[in-house]
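Below is one structure, written out as C-alpha cells; comments come after it.
Here, each number is a calculation from the coordinates, and none is a lab measurement. Quantities reported herein were computed from a predicted structural model and do not represent experimental measurements. No Cβ is skipped: glycine too gets one built from the backbone with ideal geometry, and neighbour counts run over all protein chains shown.
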Amino acid sequence: MDRLAAVDWDPDTYVRDAQAALDRATTSDEVEQVAVTWLGRKSTLKLALREVRDRETGIRLNAIREEVEAAVETKRSAVEQAELRRRLETERVDVTLPAGLLGDVRSRRRGSLHPSTQVRRDVEDIFLGLGYEIVDGREVETVRYNFDALGFPDWHPSRSPRASLYVDDGTLLRTETSPAQIHKMESTRPPIYMVSIGRVYRRDTIDATHYPIFHQFEGLVIDKGITMADLKGTLQYVLRQLYGPEREVRFRTHYFPFTEPSMEPDVSCFNCGGAGCQICKHSGWIEIGGSGMVDPYLYEFVGWGPEEYTGFAFGLGIERTGQLRHAIPDLRLLWEDDLRFLRQF
Amino acid sequence: MRVPMSWLRDYVRTEATTRQIADALSIATAEVNGIERRGVTGDLSLFRVGKVLEADKHPNADRLQLTKVDVGETVLQIVCGAWNFGAGATVAVALPGATVANGLTLDRRKLRGEMSEGMILAEDEVDLGTDHNGIMLLDDALAAGTPLETVLPLVEEVLDVEATGNRSDLFSIYGLAREIAALFDGELVPLDESLPARDGDEALDISIDDYDGAPRFVAHLFRDVAIGESPVWLKARLRNAGVRAISNVVDVTNYAMLALGSPLHAYDYDTLHGPLLVARRARGGEEVKTLDGTVRKLDASDLVIADADRPVGLAGIMGGEETEVADATTNVLLEAANFEPVGILRTSERHALRTEGSNRWEKGVDPHVAGAAAAMATRMIVELAGARWTGAADVQGDLPQPAVITLRPERVTDVLGLEVPDQAAILAKVGFTQEGDGYRVPTWRARDVTREIDLVEEVSRFRMEAIPFTLPRRDVTFGRLTRWQQLRRVAEEALVGAGFSEAYTPTFVAEGDYRLPEPLSTEAAALRTALAPSLVEAARQNVAWGNSDIALFEIARVYRASGGELPDERWHVAGVVEGGIADAKWAVEQVYAALKLEPAIERGDERLLHPGKAARTSEGWFGELHPQMLEGAWGAFELDLDALVEHAPDKVTYAEISSFPEVHQDLAFVVDEDVPAAALLAALREAGAPDLRDATVFDEYRGAQVGEGKRSLAFRVAFGSLERTLTDEEASAVRTRIVDALASTFGAVLRA
C-alpha cells in the first residue's frame, strides 16, 4: 500500500472514476480518450503496475485493469452501435435510381459458371439431342416415392436415418432423383424419354470423395420394345459425348432395387487408355454409375400391366463427371466456392 | 470379401488364370476390386521340407542351435535361433538363394564362426502368419526334399470381392466357385456333406422357440477335444481371408463360415446350464456379456441363444463370454443354425455390433446349407482337435421349398435385345434345373430369384458382353428445354456477364422452417429459406482467402413452410458482390433486362440490408449489405426465379419506330428528397403520352442551388410522333404537360 500511495492514487475509487469518465463520453473519440487516460501507458494504473514488486498487489491491480478494460469495451461497443444506428439513419439513397446514379458500378472481369452447371448443361444438351425431356422434380419427397415406389425392401440400409436425411417420419430429402420419374410415370403414358437432374442427399461424412449433397442425372426410357441393348447403346453414346469419342464402355452386372436386370457401366480410362493408372485404380476402367431395366414392379406401382412396356433407367453423378473431366482431385473443391477455383472454369 | 485363390481352386477345377477369373466375376457376378499377391517371391523350388538330423547348441553362442537338416538330395548345416524343435523334427527350409517374405535373399554365410546354409522357417518368414516365437513344425509324414509349395501356400493371390447385398450366396468361397465353374465351364467339386463316424450317441436338448427368427438349429457335441493351435495351412487361409486365427475349434467355425457362407458358433459344453440350448426372444431385463466384453441389455426384439437359465449369445451376431471355448475346454457344442435376416439386422443395428456372422445373416442365408456347414466343421474338429463326435440334433421348422418359375424364352430376347438359345444350359450351370416350361430355383438363390424377370437377369449376366449396342427406335421425339430451363440459362448468362461467378452452397443452415430431426451439425440443422446468407458466408471465406473483386451468385432452391406435407420449394437467384448497392442494382437490372422485364422498385426492409439502402421488387430484394454482415461495403440481392419466369413475357411484340425525326431534350426538376425518381419518371411518362417516345433519369444533384432537403433530378426525353414531324409548338405543349403534371403531383420545379 505504501508503494501505491507513493504514486498518489486511490485504487479503491479508480474503477468508479474511470466509469464516471466513460459515462460522460458520447463519441468513439471520447471513449478512446478515456481509454488512454485510464489504461494508457502513462495512466496512473500502468505506472503503478510497473512498480509492483509483490504478487498480491499485482493480482489486485490486474483485476482493476481488467475491470476498467471491460468497462471501456462495453462503452466502446455501445457507442459504436449508436453511431452505426445514426449513420444508417442518415445514409439514405433513392433506391429507384438507375445503378449508375446509385454509385460507381465497378467494371468486372467476366464471371464463370460453376463446373457442375457446365456439366449439367452438357448433359441437358446431349439428351435433348437424343429427344429426351429434362425434368427436375422436388427435393423433399415422401418415403412412398423415394423408397416404396422404387422397390426398396424394408430392410434396405438406405432407409435408415443413418443413411438418409429425414425431414420428418414420412418425408426426407430425396436420395436419388428417381422419384421425379415415378411422378412422370403417374402423370403420363409412354413413350417416356426423360432425364432428371438435380440435388440429392445422403448422410455421408465429408471427405475428398463424399459430400452429403450432390447432383445426379438419371435417365428413364419406357416404350414398346426397349431392350438392354438400347440401354447399352444409349449409355455408350452419352459417355462418348461426355468423355470423348474413343472411349469404350463396358457393363457389369449389379443390384439395384428398382431395376432388373441391373448393371453398372464403366468407361475406359481416358487418362491411361486402359493400361491402368492412379485415376482408374489400375483397372483401366472407371466406374461412373448404375443402370438397368425398369423393374416390372414399377409398372404395377403406377397401375400399368407389367409387360405392356419395357424400359431402362440409369443414374450418374454430375460432380463425378466434372471431377473426371477437369481432373479435380477433391470433391470438396466443388463446394468451397473459392474464386481461385471457380474462375478457372 | 477376401478370397484366397488356393482355397477357391479347392472347389472349382478350371484352367482360367486369376486375372481371367477376376475379370469374369466382375462382369457377371460381383465386382473384384483387386488382386493382392501375398507370400514369397522368387524361385519357389528353393523352399523345401527338411528333416532335422542333428540339433545341438552352437559352440560359440548360447542362444543359437547348430543343426544338420536333410533337404532331399543333400544335408545342410543351418544355424537357427529357435529352440522349439530338436533332432527328428520336420521343418520348412529355405535354401541359399531363396528370398524370404521380408525381401531378404539368403546366402551361405558364417554365423559366429559356423557356416549356415539357409534358414529354418518361422511362419512370418513366408508371410503365413505373424508368429516369430518358433519355427513351423510340419507333419512328420512328409518326406525330406518335398517342395514346400505343395505343403504350404507360399504364394497366394487374394481376390477382394464386393458382392451385392442381394446375393448372400456370394459371401462364401464355395458360392464364388460355383459362379466360376459356370463362367469357365469348369468343374465344380461337389459339396462334401459327409460326416465322420459317430463315437457315441448322446442326446442333446436343443429347441427353437421362435421358428420365424430361427428356422433351423443343428447342434453337434464333441468330447475329448484338444484345444490348440490350428495347422499352418489353416491359419494361413484364415489370415489371407482377413480373419484372425484363435484356436483350432474357433478357427474351424470361421473356416466353414467362409467356405460355405453359413456362420457357426462353438460353446464350451460344460459351461452350459441344463445343459440345453434354445433359440428364443430375450425377456425383459435379461442381459448377456458378449465376446467383446460388453454387457448387452436385451429386449424382446432380440433373438438369443439361451441355456436353461440365461442367454448365452446374441443369435447370429456374437456369442457370450461365459460360454466361449477356451484353452481348457474339453467338450464342445457346435451350433450351425439359420437365422432370419431382418431381425438380425435390427438387433445388430440396435447394439451397434456388426460381425462376419451378422453381415451374412442380414442378407439371408440358405437354411439348407447349415447341414453342410456342420458336416465340414465336424470333419475338421475330429481331425484337427482329436475329438470324438458323440451327439447330434437338427431341429427345423418348415424350411422354404424351392419354387419353380416359368421362363418364356422370348421374354429373354425381349428384355436383352439378344436371342439366347442356350439359356437353359446357362441356367443349369448356376443350379436352376429345368422343369416343364420353368426352372426350379436352387435353395441358395431362393431369396433373390422369385420372378421370371429374375431368371432373365440370370441369363443376362452370362451374356453381358454379347448384348449389342443399339439405340431405341422411336415413333415420336420431344426433346427441348422447358421455358423455365431456358430462362434459367438466360439468368445464368446475365450474371456471368455482369462479372459474377457461380457458387454452389449447401442446402442446410442453422435455422429454417424445416428443422432436421437428426441434423448434420448445428450449422446444418434446417433447410434454408433464402440463399443470400449462404453466399455471404462464401464471400466471407473468399475474403479470408485473400481473393479480391468478389462477386458470387447462386441459383438454387429454398424451402418454405407450406402448411401441407411437403415444403413449398421455390427456385431463387441470389448474389453477393463487393461494392455496394450500385453493384447489386446493376446485377438486378441485368437479370430483369435479360428476361425482358422491368423491375418495379420501392424501398425495402430486408433485414440483411442497410436500412437506408434496401430495395424491394415484386420478385425479391436488393441493396447494400448491413455493415454488421460483412466488413466493407457489399451489395446483395435475392430474387424468386420462379416468379421472374412467370412474369417474363412469352414473346416480345414489335413497337413501331417512328420514321420522323425526334426532339431530344434534358429536363431537370427540383423536388423534395423523399420523392422517388421512379415515381417522377412514371408521372412524366404518363403526362407525355402519346408523343413521348423515351425518357430516362440521367443525373441527380444536391447542393446550395437546390436547397436543403431537396434534390434535382434530370431526365433525358425524346418527343416524336409516328405520323409526322412534331412542330416546335407541339413539342413544347408536351413539355408543358409534363412540367405541369410534375408540379401539381410532386411540387416539382423545372430548373431553368
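At a glance:
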quantity: Percentage of interatomic Cα-Cα distances in chain A larger than 36 Å; calculated: 49
quantity: Label-point separation in nm, B:Ala226 to B:Asp160, each point 7 Å along Cα→Cβ; calculated: 4.0
quantity: For region B:527-572 and region B:725-752, distance of Cα centres in Å; calculated: 47
quantity: Partner chain coverage, peptide B:480-493 - average Cβ within 10 angstrom; calculated: 3
quantity: Between 0 and 90°, nearest 10: helix B:728-746 axis offset from chain B longest Cα axis; calculated: 70
quantity: Angle in degrees between helix B:677-688 and the longest Cα principal axis of chain B, rounded to the nearest 10; calculated: 50
quantity: Residue-count net charge about B:Leu95 - beta-carbon cut-off 12 Å; Lys, Arg +1, Asp, Glu -1; calculated: -2
quantity: Percentage relative contact order, chain B, counting C-alpha pairs under 8 Å, at least six apart; calculated: 9
quantity: Partner chain coverage, peptide B:667-678 - average Cβ within 10 angstrom; calculated: 2
quantity: Positive minus negative residues near B:His132 (Lys, Arg vs Asp, Glu; Cβ under 11 Å); calculated: -4
quantity: Cα-based shape type of region B:603-680, given that a ≥ b ≥ c are square roots of the gyration tensor eigenvalues and the cut on a/c is 1.5; calculated: oblate
quantity: Rg/Rh (Cα only; Kirkwood hydrodynamic radius) as it applies to the protein assembly as shown; calculated: 1.11
quantity: For residues of B:582-589, the mean tally of beta carbons on other chains within 10 Å; calculated: 6
quantity: Region B:483-647 - Kirkwood radius from inverse mean 1/r over Cα pairs (Å); calculated: 16.0
quantity: 5 angstrom amide H check on B:Val189, placed H, neighbours 5+ away; calculated: B:Val12, B:Arg13
quantity: Helix runs (DSSP H) in chain A reaching 18 Å along axis by Cα, Kyte-Doolittle at least -0.5; calculated: A:115-129, A:228-243
quantity: In sequence order, calculated HN-Hα J values of region A:206-219 (Karplus, 6.51, -1.76, 1.60; Hz; x Gly/Pro); calculated: 5, 8, 4, 10, 10, 8, x, 10, 8, 10, 10, 10, 10, x
quantity: Residue with peak Gaussian network fluctuation, chain A [Cα springs, cutoff 10 Å], from A:Asp54, A:Asp330, A:Asp295; calculated: A:Asp54
quantity: Cα gyration tensor shape for region A:62-158, rounded if a/c is under 1.5, else prolate or oblate; calculated: oblate
quantity: Karplus-derived HN-Hα couplings along region B:261-271 (A = 6.51, B = -1.76, C = 1.60, θ = phi - 60°), whole Hz, x at Gly and Pro; calculated: x, 10, x, 10, 9, 10, 10, 6, 4, 6, 8
quantity: Isolated Cys in the protein assembly as shown, by beta carbon distance under 4.7 Å; calculated: B:Cys80
quantity: Three-way shape label, region B:182-270, alpha-carbon gyration tensor, a/c 1.5; calculated: oblate
quantity: Amide H within-cut-off set for B:Glu54, under 5 Å, with H built and near neighbours excluded; calculated: B:Lys68
quantity: Paramagnetic reach from A:Arg109 (point 7 Å along Cα→Cβ, amide N under 18 Å) across region B:495-530; calculated: B:495-503
quantity: Charged-residue dipole, Cβ positions (Lys, Arg, Asp, Glu), the protein assembly as shown about Cα centre, Debye nearest 20; calculated: 1960
quantity: Stokes-Einstein diffusion coefficient of chain B, Kirkwood radius over Cα pairs, 10 °C, 1.306 mPa s, in µm²/s; calculated: 46
quantity: Mean-position separation - Cα centroids, region B:389-443 and region B:59-120, in angstrom; calculated: 57
quantity: Gaussian network model of chain A, Cα within-10 Å springs - most flexible of A:Val221, A:Val36, A:Val143; calculated: A:Val36
quantity: Note, ³J(HN,Hα) from phi for region B:706-714, Karplus 6.51, -1.76, 1.60, rounded to Hz, x at Gly and Pro; calculated: 9, x, 5, x, 10, 8, 10, 10, 10
quantity: Neighbour-limited loop hits for chymotrypsin sites (Phe, Trp or Tyr not before Pro), region B:575-661 (at most 14 other Cβ within 10 Å; DSSP other than H, G, I, E, B); calculated: B:Tyr654
quantity: Between helix B:483-497 and chain B: long-axis angle, C-alpha atoms, 0 to 90°, nearest 10; calculated: 80
quantity: Local net charge near B:Leu630, Cβ-Cβ under 10 Å (Lys/Arg +1, Asp/Glu -1); calculated: -2
quantity: Förster radius 35 Å - calculated FRET efficiency between B:Ser618 and A:His326 (Cβ-Cβ, nearest 0.05); calculated: 0.35
quantity: Amide hydrogen neighbours beyond the local backbone of B:Leu609, cut-off 5 Å, H modeled; calculated: B:His626
quantity: Helical contribution to [θ] at 222 nm, DSSP H n ≥ 4, -39,500 (n - 2.57), averaged over the protein assembly as shown, rounded to 500; calculated: -9000 deg cm²/dmol
quantity: Cα-based convex hull volume of region B:245-301 per residue, rounded to whole Å³; calculated: 125
